[in-house]
Amino acid sequence: MSELRFEGVTVRYGRALTAVDGVDLTVPSGQVVGLVGESGSGKSTLARAAVGLAEPADGQILLDGVPLHHRPGARRPLQMVFQDPYSSLDPRMTISDSIAEAMPRGPRADRRDEVVRLLELVGLDADRISAYPGALSGGQRQRVAIARALAGKPEVLIADEITSALDVSIQGTVLNLVRTLQRELRLSMLFISHNLAVVRYVSDIVAVMYLGRIVEVGPAHDVLGNPQHPYTKELLAAAPRRGSTSLPPPDEALVADAEPADPHHPPAGCRFHPRCPIGPLIRTDREHCLTLDPTAEADHRLHRAACHHAAGALRAVGPSPLMELKEDSQ
């Protein structure tokens, strides 16, 4: 088990786009951090920076307090499972070759035995060893991708939207597999998703990302049961809720339906203010949200919420939709 830590990490694409902006985030040893946010929030870019596929422009990424250095040919202590199981495996390589390619060097017979063990670990029959990816279903390919990541003996596993490309009928099976493997192997894991219900199911800690920044982070039960940032509340409200037919007031609906800001030109002040139901578009006395960045004082707020009014937003909001989802699934 190892701790993965991002300290002030910034990732830019060219001069125009800052995809990740000064992110501080810790994946504690042996725990699962669920990173959630809508498309374009910077989640996958942060993951790619961790495994060396994107170069940080600023900040550092540490493993057990030591800066990560991705050298060609060196062992990779972080392994990543990608979103699309149909493109993450080479169609010209057998399942055995794909998994063995990620293993440390060793005798050929030992490597074959390890491939068989890993296939069994992810719930696939050993007779699949000579099959090609084209002969497998999406769920089976994702299991192979997980086995391939484990073949590298990672200290931290990063799972990037690993169920979003799968049929709903098999998403739960893959999630159960990931949760079981994490507990049995005591892996540290960064689990990325846009689905809060999925994140709640597998995570010990939840971090919410918006326009390249972490806007709320804390224990999963606390963040999802008592969210402090308006964006987290919007994500929760978007989750299906049993028996709920109520609509927000017209003024709140107006900002809730607003398009996300252009990441090439993020808003000044609070980045969420053009969509915020408690911000200056609704409350004219909150013009400071237009100019003052709330991240500067986030460490002093509950869940490190990047919102000037996080403390003032505390109120009884009723049962979390995710708690109801969990009850429905039992």
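Structural remarks
- Longest DSSP-loop-exposure-free segment, trypsin sites (Lys or Arg not before Pro), the chain, at most 11 other Cβ within 10 Å: 106-185
- Comparing Val144, Ile99, Val168 along the charge dipole axis of the chain, the residue lying farthest to the positive side is Ile99, per the Cβ-charge model.
- Inter-centroid distance (Cα atoms) of region 23-57 relative to region 74-117, Å: 23
- GNM result for the chain, Cα springs below 10 Å: residue of Met209, Met103, Met80 fluctuating most strongly: Met103
- Region 112-128 - phi-based ³J(HN,Hα) in whole Hz, Karplus 6.51/-1.76/1.60, Gly and Pro as x: 5, 4, 5, 4, 4, 4, 5, 4, 5, 5, 9, x, 10, 5, 5, 6, 7
- Footprinting exposure proxy for His300, His309, His288 (fewest neighbouring C-beta atoms within 10 Å first): His300, His288, His309
- For region 122-169: rounded, prolate or oblate by the Cα gyration tensor [a/c cutoff 1.5]: oblate
- GNM remark for the chain: springs join alpha carbons under 10 Å apart, and the peak mean-square fluctuation among Ala131, Ala207, Ala19 falls on Ala131.
- About the Cα centre, charge dipole magnitude for region 149-243 (Lys/Arg +1, Asp/Glu -1 at Cβ), debye: 200
- GNM on the chain, alpha-carbon springs under 10 angstrom: the most fluctuating residue among Ser98, Ser41, Ser137 is Ser137.
- Size of charge dipole - the chain - debye, nearest 20, with Cβ of Lys, Arg +1 and Asp, Glu -1, no other charges: 680
- Between helix 138-151 and the chain: long-axis angle, C-alpha atoms, 0 to 90°, nearest 10: 80
- Per-bin percent of Cα-Cα distances, the chain [10 Å]: 5, 25, 32, 23, 11, 4, 0, 0
- The angle between the Cα long axis of helix 168-185 and the main principal axis of the chain comes to about 70°, on a 0 to 90 degree scale.
- Considering only alpha-carbon pairs that sit under 8 angstrom and 6 or more positions apart, the relative contact order computed for the chain is 20 percent.
- Translational diffusion coefficient (Stokes-Einstein; Kirkwood radius from C-alpha pairs) of region 20-70 at 10 °C, 1.306 mPa s, in µm²/s: 132
Read the figures in this text as sums done on the coordinates, not as results from a lab. Remember, it's a predicted structure, so these values are computed and weren't measured experimentally. FYI the Cβ positions are ideal-geometry reconstructions off the backbone, even for glycines, and counts take in every protein chain you see.
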